[in-house]
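Reading through the structure tokens given below for one structure.
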Amino acid sequence: MIKRVLTYLKDDVMFTVSMILAVGTSFFVTPDFGAVNWHTIFSLMSMMIWVGFLERAGVLHAVSVWLVSRSHHARTLMTSVTFLSFFGAMFLSNDIAILTLMPIYLRLAKDLSIRLKVIGSTLVIMAANSGAILFPFGKSQNLYMYGFYHVSVGQFFKWSVSLTLASLVLMFIITRFVRATPLEIKLKPADKLNHGSLVFLAITGLILVATIFGWTPFNVVVPLILVAFFIYNRSMFKMVDFGLLVTFFFFFIATNNLAHIEVIRELVSSLFDTKSHVLFGTFFLSQFISNVPSTILISTFTDHARELFIGSNIGGLGTVVASMANLIGFRVFRQIEPDSSKSFMKLFMVVNFVMAAILLVIFGI
């Protein structure tokens, strides 16, 4: 038992760091459990279960097979994979889109060269991080900011649409650098979709989106949705990443504790005192501790919500630890293609930082 716990703590770095921060800072400040953003935690939990139903219904696999079967050369395949991940992440979130699409892509591409596997996997992760910007529920930190700053729907889209469109254009340009090498991929046809499941998914999905946007009462609708999920298929609760939810819980406690430690408050407040400092500082900090904890920490000390939004979303590009989605993607790739991890890391870092630099120039000046 102890060995399993230690293995988990070693593998899930974000969980371990958040726990150490929460426990460590609680020795200096009495923790305030009222600082926990339960709206974010239960929204994430509901979306995880809904996406689990979507995956179980075979929708994503069917769409993937349909796209790949129509790709006659490498550039078309990379473009199809990029767009599938980009638009899929808008509704699935970047983490879940990667966790779902990466294994599907690598299985479908098992007969392709290592180069195409590396390129395709890199594009899946980058496209998911880019497409997930559009809606609040696409990324964990966006969902948090949407609630923390009490942002209106119109204001959020003012921030997100331009960054999403710029990212889409850049992703498309990147696919143009892939050589149009002819391909011949033989695939088994996808299983038939269950229409009853699709109707259930459509209804519950629309209700969840409306609730996250604040159009329906959250405290009433989300519990009812969770009860409906439990009645429909209780086993789908196993799809919930409780480790991620507890990680958020720890970060909420830790950042609130830090905000009440005088030395820390004065230091962070002085470092993130202007719009440009918030934007570039969030990007820089995200490269080392990931964009979710960076957002939660910095939000406690600044009212520059737009700059925090831009900095944290661009901050997901860059190192493999800049976003939890990056870590998930790398972990999946390493499990399936362990001998190509170094090649993946090299390409991933180069392309990510190039795209991040371009977006920082566009939105930071």
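Quick notes on this structure:
- For the chain, the fraction of 1.4 Å probe accessible surface lying on carbon and sulfur atoms is 69 percent.
- Distance from the Cα centroid of the range 304-365 to that of the range 1-70 is 19 Å (rounded to whole angstrom).
- Loop-located chymotrypsin sites (Phe, Trp or Tyr not before Pro) in the range 1-58 (DSSP state not H, G, I, E or B) with no more than 10 neighbouring Cβ atoms inside 10 Å: F27.
- With R₀ set to 51 Å, the beta-carbon distance separating R234 from I365 gives a calculated FRET efficiency near 0.50.
- For the range 211-220, 3J(HN,Hα) per residue [Karplus equation, 6.51 cos²θ - 1.76 cosθ + 1.60, θ = phi - 60°, Hz, x = Gly/Pro]: 6, 5, 6, x, 7, 10, x, 4, 5, 9
- Taking 7 Å steps out from each Cα toward its Cβ at K275 and A180 produces label points 4.3 nm apart.
- Anisotropy class assigned to the range 225-360 is oblate, per the alpha carbon gyration tensor with a/c at or over the 1.5 cut-off and a/b no larger than b/c.
- Reported label for calculated Cα extents along the principal axes in Å given (1) 100, 48, 29; (2) 70, 49, 34; (3) 63, 49, 48: (3)
- Rough spin-label spacing in nm, given labels placed 7 Å along Cα→Cβ, for I336 and H150: 4.5 nm
- Number of Lys pairs (Cα under 29 Å; 8 or more positions apart or on different chains) in the chain: 28
- Taking the C-alpha atoms of the range 1-58, convex hull volume expressed per residue in Å³: 127 Å³
- Taking all protein chains into account, the per residue accessible area for the chain stands at 47 Å² (1.4 Å probe).
- Cβ charges +1 (Lys, Arg) and -1 (Asp, Glu), total dipole of the range 88-191, debye: 280 debye
- Amide H contacts under 5 Å for H73, placed H, 5+ residues apart: L183
- Couplings for the range 26-38, taken from phi via the Karplus curve 6.51 cos²θ - 1.76 cosθ + 1.60 with θ = phi - 60°, read 6, 6, 9, 9, 5, x, 10, 6, x, 7, 6, 8, 5 Hz in order; Gly and Pro are left as x.
- Highest-first arrangement of 247-258, 275-286, 149-160, 134-145, where packing means the average Cβ count within 10 Å: 134-145, 247-258, 275-286, 149-160
- Relative contact order %, the chain, counting alpha carbon pairs below 8 Å whose residues are six or more apart: 24 percent
- For the range 221-274, the set of trypsin sites (Lys or Arg not before Pro) satisfying both a DSSP loop assignment and a count of at most 14 other C-beta atoms within 10 Å is empty.
- Low-density loop cleavage sites - trypsin sites (Lys or Arg not before Pro) in the range 54-112, where at most 16 other Cβ are within 10 Å (DSSP): R70, K110
The values are calculated or read from the model by the stated rules, or taken from the named source; none is laboratory data. Predicted, not measured: the structure shown is a model, and the values here were computed from it. A quick note on method: Cβ atoms are made from the backbone with ideal geometry, for glycine too, and the neighbour counts reach across all protein chains shown. When the accessible area is computed, the model is the full protein with side chains, heavy atoms only, and any ligands, DNA or RNA have been set aside. Shrake-Rupley method; radii C 1.70, N 1.55, O 1.52, S 1.80 Å.
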